[in-house]
Amino acid sequence: MNITSYFSHGLFKGKTIFITGGGSGINLGIAKNFAALGASIAICGRTQEKLDNAAVELRALGAKVCTAVADVREMAALEAAMAKTKAELGPIDVLVCGAAGNFLVPAEHLSANGFRTVIDIDLMGSFNASRAAFSQLQETRGSIIFISAGQAYMPYAYQVHVAAAKAGIDMMMKNLALEWGKYGIRCNSIAPGPIEGTEGMKRLSSPDALAQLQAGIPLGRLGTVDEIGQVAVFLASPLASYVSGSVLVADGGQNLAGSALFNIGAEKMMKTAATGKK
Ligand code: COA
């Protein structure tokens, strides 16, 4: 992590960052970048063990940490997690809505409950967290960062549920930016491209498909969780004080080439899963 080479260590000293799904992946990467800059970190997720392991890493960076088991689909659990955060770390300055679910499935095989599950986690979960954090964000004149994806603005095969959820998140982000600007609350989205070593990439790509996908990325490589953490730090920092209602795409230019390479890889994965043969 090289964030402290570019931003001052105390940039987020005295600030509280609350991250849904903060126990792993991109969200933990975001948490670590804020922790390295002096922030106190609250993370919620569905499993205490994952949160405990993440807390060890965050404390090693010098952060005060609060963990709370909360599924973003349950408003009462989120409200309790945020009340605990306020009591232990102070009111929330930055909310990162990162909890998400994904799996590849042809639309004709996706059940109504499967579609709803991803909408509930990604879209409803992001609204629930924003709504639950509102009074604290109003107090701090804080900001919200939503984790979107390329699926929000370009179709990707076998992800109709994710497309609907992520497009909904970006439009909701713009509405909240419009309505809550008067409280000094800024709202923005990050749309990460393929990020190495994440649960998302495991679910969406085989090693073969990944190599092919990578060949189509203008920067020629996958991103890292730290590179998304750096974008989050920028959006939450005073450097972005006039940025609200924006979707910041951080994908090495992947979207410029469209989703065809991803779709070919996803097709192969689905066939392999169905036949058990490569
Ligand atoms: N293909 C088709 N349908 C699927 C599926 C798959 N691979 N995985 C789950 N579903 C469907 C289930 O069949 C169920 O629908 P049904 O009741 O009609 O059968 C519905 O989705 C809910 O599944 P369930 O396992 O009960 O949901 P959950 O709340 O326990 O888990 C998920 C949520 C499904 C999103 C799960 O994949 C998850 O927990 N993901 C979190 C991690 C993650 O996805 N990270 C990557 C983010 S990019």
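Just a few scattered comments:
- Set 50/202; 202/268; 64/86; 15/174; 64/202 screened for pairs whose C-alpha atoms are more than 22 Å apart: 15/174; 64/202
- Per-residue ³J(HN,Hα) for segment 160-168, Karplus 6.51 cos²θ - 1.76 cosθ + 1.60, θ = phi - 60°, Hz, x for Gly and Pro: 4, 5, 5, 4, 5, 5, 6, 4, x
- Positive end of the dipole of segment 25-93 (Cβ unit charges, origin at the Cα centre): among 33, 51, 69, the Cα lying farthest that way belongs to 33.
- Of all the options 229, 21, 258, the one that moves most in a Gaussian network model of the chain with Cα springs shorter than 10 angstrom is 258.
- By the rule of a C-alpha distance below 19 Å, with chain neighbours fewer than 8 residues away ignored, the aspartates and glutamates paired with residue 13 are 57, 88, 93, 139.
- Fewest neighbouring Cβ atoms within 10 Å first, the residues 135, 8, 237 line up as 8, 135, 237.
- Here the dipole of the chain is about 100 debye; that uses its Cα centre as origin and unit charges on the Cβ of Lys and Arg (positive) and Asp and Glu (negative).
- Gap separating the Cα centres of segment 126-195 and segment 110-125, nearest whole Å: 16
- For segment 98-226, the spread of Cα positions along the three principal axes, ordered from largest to smallest, is 49, 37, 21 Å.
- Dipole magnitude of segment 154-251 about its Cα centre (Cβ charges: Lys, Arg +1; Asp, Glu -1), debye to nearest 20: 260
- Residue (of 132, 200, 190) at the positive-pole extreme of segment 129-256, dipole from beta-carbon charges: 132
- This model, with +1 at the C-beta of Lys and Arg and -1 at the C-beta of Asp and Glu, gives segment 37-123 a dipole about its Cα centre of some 200 debye.
A short reminder: the numbers here are calculations on the coordinates, not readings from a lab. Everything numeric here is computed off the predicted structure, so don't read it as measured data. Glycine also receives a Cβ, built like all others from the backbone with ideal geometry; neighbour counts cover every protein chain displayed.
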